[in-house]
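Chemist: This structure is in structure tokens; I'll ask about it shortly.
Taken together, the values in this text are just the output of simple stated rules run on the coordinates, not laboratory data. It should be emphasised that the depicted structure is a prediction, and the values quoted were computed from it without experimental measurement. Heads up, the Cβs are rebuilt from the backbone with ideal geometry, glycines too, and the neighbour counts pull from every protein chain shown.
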Amino acid sequence: MLIEARKLRKYFRLGKDKQVHAVDDVTLGIADNEVVGLVGESGSGKTTFGKTLIGLYDKTGGQVVFRDRELPQRYQAEDYKRQASEIQMIFQDPYSSLNPRMTIQEIIAEGLLIRDGGSLDSVRDKVVYWLERVGLHGDHLSRYPHEFSGGQRQRVGIARALIVEPKLLVCDEPISALDVSVQAQVVKLLAELKQSLGLAMLFIAHDLSMVRYVSDRMAVMYLGSLVEVGPAESVYFAPRHPYTKMLVSSNPEPDPQHERARKDVILSGEIPSPVNLQPGCRFAGRCPLAEPRCRQETPLLRTVAANHLAACHLL
Ligand code: SF4
């Protein structure tokens with residue numbers, strides 16, 4: 001594995017005796033040149049997982065191993081600097097993630113200059129190359145972020161991340177702030193970059209059909225825990241866990257042939273609070289199949305098909 005979270009945990013303290021279990025004992029690896037899509041409703045802990053994985057949050061417990069090296073529990077400034085060449089992140093909001101006072105050239109070159117030193121002029125050709133690689137024009141160098149559309153800004157964010165040639169890209173809801181028509185273009189660009197650069201990615205999103213398009217494997221998160229992990233096509237077209245079935249069913253399917261074949265399973269209720277969680281299956285309060293033991297015993301992830309894991313007592 002290129003990177004592996006082992007029983008990774010992130011809790012946030014809430015007052016004296018309460019804790020939010022945002023990420024709870026999550027074990028998930030990403031291989032070289034593999035895209036893992038992480039899906040779940042808002043509040044499932046997917047973004048917290050991504051940020052804890054790469055050190056933007058301190059870990060409460062567990063480990064993250066990158067290329068056989070354990071990453072720090074708590075990052076210092078020099079740890080981020082060391083890691084920047086290997087791991088980069090693309091953020092959800094292309095409007096606030098770019099400094100409005102910097103030109104596009106300064107934004108894209110920043111990481112490279114921090115790492116290698118040099119002048120803006122010395123890396124000009126490289127910046128132009130990456131601008132064009134993400135579908136923008138070389139003559140955009142002296143423009144400012146406000147002169148671009150949301151989709152173009154996200155392309156600038158991608159160029160900024162890729163100029164340092166990382167091995168892993170963590171994409172945190174990279175398309176959710178974009179118009180629907182632009183979402184597919186950005187996903188297509190990321191899929192093409194994965195192929196041509198051999199990049200590994202953690203692709204966090206809640207639109208399952210987009211995640212399926214770009215991912216090799218899909219992991220489904222509910223209330224801080226993984227409930228299903230498997231090849232993207234099987235998780236999407238043959239989900240095993242009751243929560244995944246509901247999630248897939250509530251997601252619009254762009255392919256009319258697949259849309260007709262789908263069985264509707266309604267996802268009712270809301271994700272409960274992750275504060276001071278009780279034992280048992282976390283989905284029991286919303287699961288139509290729940291049995292008494294579901295409220296007492298916590299189901300563990302186990303193999304339900306080739307390379308496919310799910311956590312449910314009934315499987
Ligand atoms: Fe539903 Fe029980 Fe399976 Fe949880 S363990 S998903 S409550 S059937």
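Chemist: Taking neighbour Cβ counts within 10 Å as the exposure measure, how do Ile54, Ile108 sort from fewest upward?
Modeler: Starting with the residue having the fewest Cβ neighbours, the order is Ile54, Ile108.
Chemist: So which lysines pass the test for Lys245, namely a Cα distance under 30 Å, with those fewer than 8 places away in the same chain ruled out?
Modeler: Within reach: Lys7, Lys10, Lys46, Lys51, Lys188, Lys194, Lys263.
Chemist: Let me ask something additional. Compare the peptides 230-243, 38-51, 113-126, 77-90 by average per-residue count of other Cβ atoms within 10 angstrom and give them in order, highest first.
Modeler: In descending order of packing, they fall as 38-51, 230-243, 77-90, 113-126.
Chemist: Still on this structure: Counting only helical runs of four or more DSSP H residues, what would the 222 nm mean residue ellipticity of the chain come to if each run contributes -39,500 (n - 2.57) and the total is spread over all its residues?
Modeler: Mean residue ellipticity at 222 nm (helix-derived): -9000 deg cm²/dmol.
Chemist: Something else: How big is D, in µm² s⁻¹, for the chain by Stokes-Einstein at 25 °C and 0.890 mPa s if Rh is the Kirkwood radius over C-alpha pairs?
Modeler: The diffusion coefficient I find is 119 µm²/s.
Chemist: Evaluate the distance, in nm, between pseudo-label points positioned 7 Å from the Cα of Ala191 and of Glu70 along their respective Cα→Cβ axes.
Modeler: Simple spin-label model gives 3.9 nm for this pair.
Chemist: Label segment 101-165 by shape, choosing from rounded, prolate and oblate, from the square roots a ≥ b ≥ c of the eigenvalues of the Cα gyration tensor; if a/c is under 1.5 it is rounded, and otherwise prolate applies when a/b is larger than b/c, oblate when it is not.
Modeler: prolate
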